[in-house]
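See below for the structure under consideration.
Every read-out reported here was derived from the displayed coordinates using simple, explicitly stated rules and does not represent laboratory data. What you are looking at is a predicted structure, and each value in this text was computed from that prediction instead of being measured. Please note: Cβ atoms are built from the backbone with ideal geometry, for glycine as well, and neighbour counts cover all protein chains shown.
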Amino acid sequence: MMFDRLVAELKREGHRRLLVISGDEAWSQAQSERLREALAGDWLRMENDAPQALKSLLGREYRHAIFDARRGFDVSTFAALSGTLRAGSLLVLLTPPFAAWPEQPDIDSLRWSDTEHPIATPHFVHHFCRTVSQDPGVMVWQQHQPFPDSTLPSAPDWQPASGEPQREQAEILATLCQMQSGVAVVTAPRGRGKSALAGMLLSRISGHAIVTAPAKGATDVIARFAQDNYHFMAPDSLLASDQQADWLIVDEAAAIPGPLLEKLVSRFPRVLLTTTVQGYEGTGRGFLLKFCARFSGLHHFTLSEPIRWAPDCPLERVVADALLFDDVVDVTPNGAPEILALEQNAWARQPQLAADIYRLLCSAHYRTSPLDLRRMMDAPGQHFAVARVGEKLAGALWLVDEGGLSPELSQAVWAGYRRPRGNLVAQSLAAHGGSPLAATLIGRRVTRVAVHPSRQREGIGQALIADASHHAQQDYVSVSFGYTDELWRFWQRCGFVLVRIGSHREASSGCYTAMALRPVSEAGQALCVQEHHRLCRDARIIEQWNGEKIPVEERWETTLNDDDWLELGGFAFAHRPLATSAPALTRLLLATTLPLQALRGKLEENRDDALLCADLALQGRKPLLARQRQEAAQALDYLDVERAQQLKTDILQWQFFQ
Ligand SMILES: CC(=O)SCCNC(=O)CCNC(=O)[C@H](O)C(C)(C)COP(=O)(O)OP(=O)(O)OC[C@H]1O[C@@H](n2cnc3c(N)ncnc32)[C@H](O)[C@@H]1OP(=O)(O)O
Ligand SMILES: Nc1ncnc2c1ncn2[C@@H]1O[C@H](COP(=O)(O)OP(=O)(O)OP(=O)(O)O)[C@@H](O)[C@H]1O
C-alpha cells in the first residue's frame, strides 16, 4: 500500500524516483519481486549481460524498471534505462550490501579494464554510495534496516503536455518551416520532445520527407506526431536507394556511423538531425564536436524543458550526479595555471577535482563516456595531471601505463600469435613495427588531453605534456589519435615523433589513427628512431593503401634490408598481417622474377580479393592469405635458402609461448 501511495504521488508530480535495494541475493530478489507484484507496470528488467540493450533503449518508454547491478554495473545502460521511464515510475536498483560492495569484483570491468579477471571498483562504489546516500530523492533500502522515509517536500501538480507544440518546440518549428535548405540539429537531454518535434515538422510540411534512425522501433513517437507524412527507411537501404525527398529526418543521429551519416546528409536539400546529449556511448556531445563541426551554416537548436516528466525530477538529478553528466566549461578560469600531477586516489581525497577532470575531458572529446569514468576511477595504471587556476581547471591530462611485456610475449605479439588485451600503443609497436621486443619497453600513453576552450593556444596543453614526460620513469610517452593536421602540429610541438599511421579510417571519426612517441630513455630513443625511419621508408606504399599523404620525409628504398627480412619472415612463417608487411613484400617482389601471382595480384595490380580468388581457384580470403604466405616463403627460399630456413626456425619458436 505504501508503494501505491508513493507512485500515486509521483504521478501527480510528474516525477520518477530511484529505489536502491541493497542486501544479499535472496533478500533483494524477494523485495524486488514483491514490488513487482504490488505495482502494475512494464517492469523492464536489465542487468549487465545486455550489451545491445543500450541502443534499443533510445527513444522508448516504460513504466517501472529493475536494474540488477549485483554482479556488474553497466552504468551507461542504467542511465539509458532511466531516460525511458515515464512520470510516475520507480527505477529499482539491486546492489550488493554496501559494506561488501567496494571489494566485490564487478564483471562490467571486463569492458573497460584491460585485466584478465573482473576487478573490484572501490572508487566508483564509494562515489556512487555517497551520491545516493546524500540525495534525499533516493530511497536506499538496506537489508536488516527499516524501509527509509520516502517523503519529499511536496511538488506542484504536473500538467502533461497537451499534444500542441510546447513553447520551445513551437519556436524551433517556426524556423524549420521557413528553412529553404541546409542542415538543422536539435540536441537535448532525454525526454525533451526531440522526436515529437521531428514528427510535428513532418505534419506541417507539404513536401515529401523520409525518416531514418538506427532502429525503426525507436521512431514510434515521430510516427505518432507525423500523422500521414511518415515514411521510414533504414539508413543503409536509404543509402543504397535513389530516393529523393524535400526533407530527411534522422532521429538519434549520433548512433549512426559518421561516414554513413555524412553520405545521407549530403543527398537531401533539407535535413533535420536529432540527438540525445548525455554522456553515454553513441550519443550526442561528441557528435556535435566531431560531426556537426564540418557544416558551416549549421542551425543548432536545443530543448531544455523536460516533457516526459516534470522539471526537477529526482531520478534525473541523481543519475546526472552519479555519472557526472553536467558541464563545467561555462566558467572561464582566468589567471596563471599551476600544473599538478594526481594519482587515482584523487577520487577519494579530492573527489571534486577528480570529477572536474572527467567533465573537462567529456566536454572536449567526442568519445568520452561513463566507460571512461569507470576506467579512470578503478582500472590499474591510470595517472592524471591538471592545469589549475584556483579551484578551476584550465586543462586536464589522463595517462595510462603500457608495455613491460615479457620478451616472449612481445615476440609472440610481433609474430601475430598473441594479442592480449590492452597496451594499445605498446602492442601496436610490436604487432606492426619492426622490433619484436618493442612491447617490453615501458611507456605511458596519453589517453586524453584537453584544454578549456577559452584558454587554448596559450601553451597549457604543451606544459601538461612536458610535465608528464618530465616525471616519467619509463622509456617513452606515447599517443594514439585520429590524425588531423592541427592535432599533429600540437603533438609535434610537444616533441613527439610520428611512428605509425593506420591503414583504415576509423568508422567513428573518419580519421586515420596516428601513433607518435616522445622518447624518454635511451632505449625509447632507439625505438623511436627505428620506427620513424621505418615509416619514412614505407610511406610511399602506405599512402597507396590509404590514399592519404603521410606527413614525413619520404625515403623509399627498393632493396631489401635486414628489417625487411625479419618482417618477411614474420609474414611468411608466422601471422603478421598483409597490410603491415606490404612495403617489405613490395620490395620482395622487385627482388625476384618468380610469378607469385597471389602477391603480385594484390600488391602490384591492386586486384580485388574476390577476383583474385576466382583466378586462383581459391575459396575465400583465408586460403588466399595462406597462398600469399606460401609465395613469400618461396621467394625468400629463392633469394637465400639458408637464411630463410634459419629465420623460419627462429620465428616458429616464438609461438611456443606459455
Ligand atoms: C589523445 C588525445 O587526447 S588527442 C586529442 C587532443 N585533444 C583535443 O582535441 C581536445 C580539444 N583540444 C584541446 O583541448 C587543445 O586544443 C589541445 C589539447 C589539443 C592543445 O592544447 P593547447 O593548450 O591549446 O595547445 P598549446 O597552446 O600548448 O599549443 C602548442 C602548439 O601546438 C600547436 N597547436 C595547438 N593547437 C593547434 C591548433 N588548433 N592548430 C594548429 N596548431 C595547434 C601550435 O603550434 C601551438 O603553438 P603556437 O600556439 O605557439 O603556435
Ligand atoms: N508537445 C507535446 N505534447 C504532448 N506530448 C509530447 C509533446 N512533446 C513530446 N511529448 C511526449 O513526451 C515524451 C518525450 O518526447 P520525445 O520522445 O519526443 O522526447 P525525446 O527528447 O526524443 O526523448 P528521448 O531522448 O528519450 O528519445 C513522448 O512520450 C512524447 O510523446
message: Here is a check on your reading of the model: is residue 502 out of contact with any strand residue (DSSP E or B) (no Cβ under 8 Å at 6 or more places or on another chain) and within 16 Å of ligand 1 (Cβ to nearest atom)?
response: no
- prompt: Residue check, residue 400 against (1) surrounded by 24 or more Cβ atoms within 10 Å (Cβ to Cβ); (2) under 30 Å from residue 74 (Cα atoms); (3) touching a Gly at 6+ places or on another chain (Cβ under 6 Å), all met but one. Which one?
  reply: (1)
message: Given the criteria touching a Leu at 6+ places or on another chain (Cβ under 6 Å) and of a type in the set (D, E, K, R), does residue 224 qualify?
response: no
message: Can you pull out every residue in the range 177-204 that is near ligand 2 (Cβ under 6 Å from one of its atoms), within 14 Å of residue 250 (Cα to Cα) and in contact with a helix residue (DSSP H, G or I) (Cβ under 6 Å, 6 or more places away or on another chain)?
response: 195, 196
- request: Would you check which residues across the range 475-494 are over 23 Å from residue 506 (Cβ atoms) and within 8 Å of ligand 1 (Cβ to nearest atom) and list them?
  value: 493
task: Might you check whether a residue that is crowded, with 16+ Cβ neighbours inside 10 Å and away from ligand 1 (no atom under 15 Å from the Cβ) occurs anywhere in the range 452-474?
output: yes
- prompt: Out of all the residues in the range 588-620, which are within 14 Å of residue 632 (Cβ to Cβ), assigned to a helix (DSSP H, G or I) and of a type in the set (A, V, I, L, M, F, W, C)?
  reply: 588, 589, 590, 598, 599, 603
- prompt: Can you find a residue in the range 173-181 that is away from ligand 1 (no atom under 16 Å from the Cβ) and either at positive phi or buried (at least 23 other Cβ atoms within 10 Å of the Cβ) (or both)?
  reply: no
task: Could you check the range 110-220 for helices (runs of 4 or more DSSP H) lying wholly inside it with 3 or more residues that are under 32 Å from the mean Cα position of the chain (by Cα) and among the small types (Gly, Ala, Ser)?
output: 194-204
task: Can you give me the number of residues within the range 451-470 that are touching a Phe, Trp or Tyr at 6+ places or on another chain (Cβ under 9 Å) and among the β-branched types (Val, Ile, Thr)?
output: 1
- line: Of (1) crowded, with 22+ Cβ neighbours inside 10 Å; (2) without any contact (Cβ under 8 Å) to a residue 60 or more places away in the chain; (3) in contact with a Leu (Cβ under 7 Å, 6 or more places away or on another chain), residue 438 satisfies every one except (2)
query: Counting only residues that are part of a loop (DSSP other than H, G, I, E, B), under 25 Å from residue 375 (Cα atoms) and of a type in the set (S, T, N, Q), how many does the range 436-484 have?
result: 2
task: Please work out if residue 413 is in contact (Cβ under 8 Å) with a residue 24 or more places away in the chain, under 30 Å from residue 437 (Cβ atoms) and assigned to a helix (DSSP H, G or I).
output: yes
- request: Please go through the range 81-124 and pick out each residue that is of a type in the set (S, T, N, Q) and more than 16 Å from ligand 2 (Cβ to nearest atom).
  value: 95, 104, 109, 113, 115, 121
- line: Counting only residues in the range 419-435 that are in a helix (DSSP H, G or I) and free of Cβ contacts under 8 Å to residues at least 60 places away in the same chain, the one nearest to residue 564 (Cα to Cα) is identified as 430
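Taking the criterion of being buried (at least 16 other Cβ atoms within 10 Å of the Cβ) and under 39 Å from the mean Cα position of the chain (by Cα), would at least one residue in the range 641-656 satisfy it?
Yes, that holds for at least one residue.
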- line: Within the range 360-395, residues of a type in the set (A, V, I, L, M, F, W, C), within 9 Å of ligand 1 (Cβ to nearest atom) and assigned to a strand (DSSP E or B) come out as 387, 394
field: Total residues in the range 623-633, condition surrounded by fewer than 17 Cβ atoms within 10 Å (Cβ to Cβ) and within 17 Å of residue 570 (Cα to Cα)
entry: 2
query: Among (1) under 30 Å from residue 255 (Cβ atoms); (2) out of contact with any strand residue (DSSP E or B) (no Cβ under 6 Å at 6 or more places or on another chain), which single condition is residue 425 missing?
result: (2)
field: Considering residues of the range 552-587 that are in a loop (DSSP other than H, G, I, E, B) and hydrophobic (A, V, I, L, M, F, W, C) only, the residue farthest from residue 534 (Cα to Cα)
entry: 574
